[in-house]
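> Pasting a structure here, questions to come.
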Amino acid sequence: MNRWTRLSHRTQMEAQLEKELTFHLEQHTSQLVARGITPNEARRQARLALGGPEQVKEKCRDVRGTRWLEDLLQDTRYALRTFWRKPAFTVVALLILSLGIGATTVMFAVINSVLLRPLSYPEPDRLVTLRESTEQIGELWGVSNPDFIDVRRANQTLALAAWTYAGGTISAPGEPEYVNGRQISAELFSTLGISPAQGRAFRPDEDRPGAPAVAIVSYGLWQHLFGSEPSTIGRSLVYEGKPYTVIGIAPAGFQLDGDAEIFTPLQQRQTTDPRMQNRAARFLRVIARLRPGFALSDARVQLALIAQHLAQEYPKSNAGLSMTAYPLQKELVGDIGSTLWLLLGAVGVVLLIACVNIASLLLARAVSREREVAVRVALGAGRGRLTRQCLTESAVLGLGGGMLGVVLAFVSVHPFVAFWPGSLPRAEEIHLDWRVLVFAVSASLVSGILFGLAPALRVPMRGVEQTLRAGARSIAGSSRRLHSAFVISETALAVVLLVSAGMLGHTLLALSSLDPGFNVHNVMAARFALSPASLSNPEQVRAAWQDVLDHARRVPGVESVALADIIPMREGSNSLPYWTTATPPPPNQEPVALASCVTLDYLNVMGIPLRQGRFFNDHDRLDSEPVVVIDDNLAQHAFGTKDAVGKRLWIPAMGATPALVVGIVGHVRQWGLAADDQSRVRDQMYYPFAQVPAPLLHFFSSIMSFAARTTIPPSNVLEPLRRELRGASGDQALYEVHTMEQLVSSSLARQRFLLLLFGIFAGLALLLACIGIYGVLAYLTGQRVPEIGVRMTLGANPVDVMRLVLGQSLVMIFVGVGVGILAALAAGRILNRLVEGMRPADASTFAITIPVLVVAALFASFVPARRASRIDPVTALRQQ
Amino acid sequence: MAPAKSDLPQGTLDLLILKVVAFGPVHGYAIAQRLEQVSRGVVQVPEGSLYPALHRLENRGLLAADWKETETGREAKFYRLTRKGHKQLATEAADWQRLIDAIGLILGMADGGAR
């Protein structure tokens, strides 16, 4: 008979065991009777000799080998029956648990997909990115095209590919529309290890200036523009006013830092963007795959060598420049990891409180079941067996809560991701997979065991008779300490979350009240795509932009308009080195300032205060002296305190002639309210769009943004503005429209999002802690009814009794708060490190949050205290 | 006063059961009685451990059991030795004999040393 048949023959085996032992007893009895002993006495002696039939049976069952399985089934059935009989307890426990496990599972699902799961390319761990950095600025934004070409040629360890952002208007087939695009080097698809869904990737001979114009379109654009027609390959489309032949369709879902609709060869950019030959213009993104047989460390060694060579050969642009490679996954995910782990930690604390809560509920039940347990011990149940039963019960509860939690996670993970501020990297890959399920099941089992442990360890071994003899009430004392420990830990955990939420709130308030440096009200900013027809020569570009400004000014409600290549608190920046004397310092040692190219009215549009001198005017032209306006910071750094107006700045990127400083304006928090103080580049300068040299105009027109100050809310102006700016051929468009208020507020989105979630978690923790405190006190007070009865007969009045109960709870709460404050200080340090602009925990945070908790906790204790004070001493004493 | 009964050395109950069952199919009560008689009351055989031991040996495949009628016409569970049980009995008995010899030798040697 194997285990399973044995298990299925359980009833039969039980019957046989019974029969065998009965036979034994009868034989023994009849033999004793034959010796002349009375039948009753004989039966007694036979039973004594055997040592108790039930105990013998238990031992026989133990040796069967299927015992644990039988017990598990039996215990599970028993547990289910018990829970069924106490629906209120079960529903509350399941609800608490499913919330805790659901929230934890959602966070883990996001972490799993974003941080843990490898990228969905072949051999993703061999993909890296190339980064350049200098001592002065730190990590640079990108790599310059000449550097990329040299590294690609000179190294043996990496297969390199590069890409950069592009975009423009597709005017045929279909209506003109602006699309995001990317310019990619020919090797990009093969480096990533993917191939187009249809057609082919670019050939190296297409990735050069002057080659025929070819394009790869995204899967989405193929569906939407060409109706998914298989014959799309070879057809043409008009992009940026130029006909392109479609040679491939990118795989569905393919992204390069966000969605892009059209891909064109990178080196063809040389015809429109002179920066492609400029070694100091670092704007390419480089992706590389380690060649077979090389490790990341090999690649880093070789990159360091190449960087050294380049620095010797091109000291003007490359001195002090170092190159290294990072795993691509790390680059894609960025610093999102810290936020995710922080949130997982916070939900983990909520789950922990939920566990403590259920543990105290279960413990209260276990204590009231002590007599039942004692009876079962007397009937032959072993300690291990009872402990196992207790744990099975809590594991069943844990798994039940876990199952509900997974359902909860399943429905809420996508809303949660949609709710994430800004874009969560790899968001489209987030789903629940087996790893998440394993996590959820383990979390629920661990929770089950965690909250089942305390009641399970209370299973008595000795002193059974005492328990049986004693009234149920007199045995409760021993559990009081454990119950207090539960209240203390719940309170402490709630304090941690409350103080963290308080710190975040304090931080957010402090950051929101910072002056952004400009007037945020009634200003809108948008990117703008000029008609491709006007891009053919520099004069036309200038005229087209002037036309846009003139038209925009005519729209009712528009007060002033300007163009700018950089909008404060929006993505995108341009940092340029500058110097204050004609002899430059060693390359890459000079200070760096954020440079914005703007038109005349920019200061009015943004409401930036002019401190000294003047802003730009019509006399600042291409043929007049180059001028710049600088901010307080730059004035301070470059020239000491006063009178920077009239001084000169040497800015290598703007040519050999130094620029005259004509004015000083206020500092703008370019990098966001929170991040600006920590950013490396804090000096700012402005230069006039009118002085941008002709060869650069085509490129600048692709990056200029449109900004307007309005007299009415900007949203009311947007539609008329769109109509007015469509241009003669109707192919100009405003896109990525923001109000400055939105940009300012989204610069704090991360802090606000964390505050919201921590607030919710802290609220949950507070609620759970209060339920826990209420439950424990109600239980402990219930145990003390006879004692209170005695006190009252001896002269205590209701107020004394309330004081007694509240005093008891106050002690627990204050110990919890004390422990919690210490833990919160530690948690505050973690927050300080992970959240930018975080204010350290200060007394006011504690002064606001702690009373909330204490009041809530006292409120929870008030109900049991009141009930205790209304005890009728006579009834209480009779209960004894 | 009756001589004090010793406890059964650890692990020997199984051996004794195997030996008793080796004489032919026999039910639990008879095994208990036989053990009592054979040991002449010197060794205490805890009846409470007898049945768990029988079930354990059955589970290990050393014993097999059938339900048969006794002489008095009652149905009882009769245990018999399986082939594996026979082998086990032989090895365990041999082991036991060796152990006794060795202990005897040691005790004898101590005597010799004193002489």
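Values in this text are rule-based calculations from the coordinates and carry no lab data. Keep in mind it's a predicted model, so treat the numbers as computed, not measured. So basically every Cβ, Gly included, is an ideal-geometry build from the backbone, and we count neighbours across all protein chains shown.
> Short version: ³J(HN,Hα) in whole Hz for each residue of segment B:49-61, in order, from phi by Karplus 6.51 cos²θ - 1.76 cosθ + 1.60 (θ = phi - 60°), x for Gly and Pro, what are they?
8, 4, 5, x, 5, 4, 5, 5, 5, 5, 4, 7, x
> Projected onto the charge dipole of segment A:298-374 (+1 at Lys/Arg Cβ, -1 at Asp/Glu Cβ, origin at the Cα centre), which of A:W341, A:A311, A:T324 gives the Cα projection farthest towards the positive end?
Positive-end residue among those listed: A:W341.
> Same structure, new question: In whole Å, how far is the Cα centre of segment A:123-157 from that of segment A:510-526?
Comparing the Cα centres of segment A:123-157 and segment A:510-526, I get a distance of 36 Å.
> List the lysines whose Cα lies under 26 Å from the Cα of B:K19, skipping any in the same chain that are fewer than 8 positions away.
The reachable lysines, counting only those whose Cα sits under 26 Å from B:K19, are A:K19, A:K57, A:K59, B:K5, B:K68, B:K77, B:K84, B:K87.
> Rounded to the nearest 20 Debye, what is the dipole magnitude of the protein assembly as shown about its Cα centre when Lys and Arg each give +1 and Asp and Glu each give -1 at the C-beta? Provide the component values of the computation, followed by the final result.
Numbers: 98 positive and 84 negative charges, 1011 e Å.
Dipole about the Cα centre, nearest 20: 4860 debye.
> For segment A:675-731, what class follows from the C-alpha gyration tensor (a ≥ b ≥ c being the square roots of its eigenvalues): rounded when a/c is under 1.5, otherwise prolate if a/b is larger than b/c, else oblate? Could the numbers behind the result be given before it?
Details: a/c = 2.78, a/b = 1.29, b/c = 2.16.
Here segment A:675-731 falls in the oblate category.
> Of the listed peptides A:26-33, A:702-709, A:483-490, what is their order by residue-averaged count of other C-beta atoms within 10 Å, with the highest listed first?
Ranked by mean Cβ neighbours within 10 Å, highest first: A:483-490, A:702-709, A:26-33.
> State to the nearest 20 debye the size of the charge dipole of segment A:186-276 about its Cα centre, where the only charges are +1 on K and R beta carbons and -1 on D and E beta carbons.
Working: 7 positive and 10 negative charges, 43 e Å.
With only Lys, Arg, Asp and Glu charged at Cβ, the dipole is about 200 debye.
> How much net charge surrounds A:A307 when only the other residues with a Cβ under 12 Å from the Cβ of A:A307 are counted, with Lys and Arg +1 and Asp and Glu -1?
Working: positive: A:R131, A:R300; negative: A:E132, A:D147, A:D150, A:E313.
Its environment carries a net charge of -2.
> Which value in nm describes the separation of the simple spin-label points at A:N278 and B:A22, placed 7 Å from the Cα toward the beta carbon?
10.2
> Order these by the 10 Å Cβ neighbour count, fewest first: A:V561, A:V799. Intermediate results must be reported in sequence, preceding the final value.
On the way: A:V561 25, A:V799 9.
Starting with the residue having the fewest Cβ neighbours, the order is A:V799, A:V561.
> Okay, moving on. If segment B:9-114 were replaced by its equivalent ellipsoid, with semi-axes equal to the square roots of 5 times the Cα gyration tensor eigenvalues, what would those be, largest first, whole Å? Before the final figure, lay out the partial values.
Details: eigenvalues 200, 50, 23 Å².
So the three semi-axes of segment B:9-114 are 32, 16, 11 Å.
> Just want the answer: with Cβ charges of +1 for Lys and Arg and -1 for Asp and Glu, which residue in A:F263, A:T232, A:W222 is farthest toward the dipole's positive end in segment A:136-319?
A:F263
> I've got another one for you. For segment A:539-645, calculate the relative contact order in percent as a whole number, restricting contacts to Cα pairs under 8 Å that are 6 or more residues apart.
On the way: 82 pairs, mean separation 22.1, N = 107.
It comes to 21 percent, rounded to a whole number.
> A:V855 to A:K647: extension gain in nm, 0.36 nm per residue of separation minus the Cα-Cα distance?
Details: separation 208, 0.36 × 208 = 74.88 nm, distance 6.30 nm.
Extra length from A:V855 to A:K647 when fully extended: 68.6 nm.
> Tell me, what is the percent relative contact order of segment A:3-65, built from C-alpha pairs under 8 Å that lie six or more residues apart? Present the calculation step by step, with values, prior to reporting the outcome.
Numbers: 22 pairs, mean separation 19.2, N = 63.
Rounded, it is 30 percent for segment A:3-65.
> Give me the extension gain from A:L445 to A:A847: residue separation times 0.36 nm, minus the current Cα-Cα distance, reported in nm with one decimal.
On the way: separation 402, 0.36 × 402 = 144.72 nm, distance 3.80 nm.
Computed gain between A:L445 and A:A847 is 140.9 nm.
> Same structure, new question: Sticking to Cα atoms, compute the Rg of segment A:156-259 to one decimal and its Dmax as the biggest Cα-Cα distance, whole number, in Å.
So, for segment A:156-259, Rg and Dmax equal 13.4, 47 Å respectively.
> Okay, next question. What is the list of residues in segment A:140-181 whose amide nitrogen lies under 13 Å from a point 7 angstrom out from the Cα of A:R726, following Cα to Cβ?
Hits in segment A:140-181 for A:R726 at 13 Å: A:175-177.
> Assign unit charges at the C-beta atoms only (+1 for Lys and Arg, -1 for Asp and Glu), then state the dipole size of segment A:171-229 relative to its Cα centre in Debye, rounded to the nearest 20. Could the numbers behind the result be given before it?
Numbers: 4 positive and 7 negative charges, 31 e Å.
For this selection, approximately 160 debye.
> What's the center-to-center distance, using Cα atoms, between segment A:781-853 and segment A:357-389 in Å?
So the separation of the two Cα centres works out to 30 Å.
> Next question, about the same structure. How do A:D842, A:D62 line up, fewest other C-beta atoms within 10 Å first?
Numbers: A:D842 12, A:D62 16.
Ordered by Cβ neighbours within 10 Å, fewest first: A:D842, A:D62.
> Identify all aspartates and glutamates with a Cα-Cα distance to A:K647 below 19 Å; exclude those on the same chain that are fewer than 8 residues away in sequence.
Excluding near neighbours in sequence, the set is A:E590, A:D620, A:E625, A:D631, A:D632, A:D683.
> Take peptide B:50-57, look around each residue's Cβ out to 10 angstrom, count Cβ atoms belonging to other protein chains, and average those counts.
Numbers: counts 4, 12, 9, 3, 3, 10, 6, 1.
Across B:50-57, the average partner-chain Cβ count within 10 Å equals 6.
> For segment A:7-75 and segment A:195-222, what is the separation of their Cα centres, given in Å?
Using only Cα atoms, the two centres lie 85 Å from each other.
> I've got another one for you. What do you get for the angle between helix A:10-34 and the principal long axis of chain A? Use alpha-carbon atoms, 0 to 90 degrees, nearest ten.
In chain A, helix A:10-34 runs at an angle near 20 degrees to the longest axis.
> Ok, one more. Residue separation times 0.36 nm, minus the C-alpha to C-alpha distance between A:A304 and A:W341: what's the value? It would help to have the intermediate numbers written out before the result.
Working: separation 37, 0.36 × 37 = 13.32 nm, distance 3.30 nm.
My answer for the length gained is 10.0 nm.
> If Lys and Arg each add +1 and Asp and Glu each add -1, what is the summed charge of the other residues whose beta carbon sits under 9 Å from the beta carbon of B:Y79? It would help to have the intermediate numbers written out before the result.
Working: positive: B:K77, B:R80; negative: B:E58, B:D66.
Combined, the nearby Lys, Arg, Asp and Glu give 0.
> Would you compute, from DSSP H runs of 4+ residues alone, the mean residue ellipticity of chain A at 222 nm, taking -39500 (n - 2.57) per run and dividing by the full residue count, rounded to the nearest 500? Can you show the working numbers first?
Values: 29 runs with 466 residues, N = 880.
Roughly -17500 deg cm²/dmol at 222 nm, from the helical runs in chain A.
> For a protection proxy built on the mean count of beta-carbon atoms within 10 angstrom, sort A:605-617, B:61-73 highest first, please.
Values: A:605-617: 18.5, B:61-73: 13.2.
Top to bottom by mean Cβ count within 10 Å: A:605-617, B:61-73.
> Quick check on packing: order A:754-765, A:186-197 by the mean number of other C-beta atoms within 10 Å, highest mean leading.
Numbers: A:754-765: 21.2, A:186-197: 18.2.
For the peptides A:754-765, A:186-197, the packing ranking is A:754-765, A:186-197.
> Moving on to the next point. Once Rh is set to the Kirkwood radius over Cα pairs, what Stokes-Einstein translational diffusion coefficient, in µm²/s, holds for chain A at a temperature of 4 °C and a viscosity of 1.567 mPa s?
Details: Rh = 33.4 Å.
The estimated diffusion coefficient comes to 39 µm²/s.
> Treating the angle as unsigned and between 0 and 90°, give the value, to the nearest 10°, between the Cα long axis of helix A:296-313 and the longest Cα principal axis of chain A.
Compared with the principal axis, the helix lies near 20 degrees.
> Taking 8 Å as the Cα distance limit and 6 or more residues as the minimum spacing, I'd like the relative contact order of chain A as a percentage. Each step should come with its number before you reach the end.
Values: 1469 pairs, mean separation 131.8, N = 880.
About 15 percent, as a whole number.
> Output ³J(HN,Hα) for segment A:200-211: one whole-Hz value per residue in order, computed from phi by the Karplus curve 6.51 cos²θ - 1.76 cosθ + 1.60 with θ = phi - 60°, and x for Gly and Pro.
Running phi through 6.51 cos²θ - 1.76 cosθ + 1.60 with θ = phi - 60° gives 9, 7, 5, 8, x, 6, 8, 8, 7, x, x, 6 Hz.
> Neighbour counts of other C-beta atoms within 10 Å: give me A:E559, A:E240 arranged from fewest to most. The partial results should precede the final answer.
Working: A:E559 16, A:E240 21.
Ordered by Cβ neighbours within 10 Å, fewest first: A:E559, A:E240.
> Treating the angle as unsigned and between 0 and 90°, give the value, to the nearest 10°, between the Cα long axis of helix A:336-368 and the longest Cα principal axis of chain A.
Long axis of A:336-368 versus the principal axis of chain A: about 10 degrees.
> Summing +1 for each Lys or Arg and -1 for each Asp or Glu, what net charge is found among the other residues whose Cβ lies under 9 Å from the Cβ of A:D147? Please list the in-between numbers first.
Values: positive: A:R279, A:R282; negative: A:E132, A:D150.
Once all neighbours under 9 Å are counted, the net charge is 0.
> Got a sec? Which residues in segment A:684-709 would a label at A:L622 touch, if it sits 7 Å along Cα→Cβ and we count backbone N under 20 Å?
So the set is A:687-705.
> Roughly how crowded by other chains is peptide A:56-64, in terms of the mean Cβ count from those chains within 10 Å of each of its Cβ atoms? List each step's numbers first, then the result.
Numbers: counts 7, 2, 1, 7, 6, 2, 3, 10, 4.
Across the residues of A:56-64, the mean count of other-chain Cβ atoms within 10 Å is 5.
> Calculate the spin-label point distance for A:A533 paired with A:R553, positioning each point 7 Å from the Cα along the beta-carbon direction, and give it in nanometres.
Simple spin-label model gives 2.4 nm for this pair.
> Enter the mean number of other protein chain beta carbons within 10 Å of the beta carbon of each residue in B:65-73, as an integer. Before the final figure, lay out each step's value.
Details: counts 2, 0, 3, 0, 0, 2, 0, 2, 0.
Per residue, the average neighbour count from other chains is 1.
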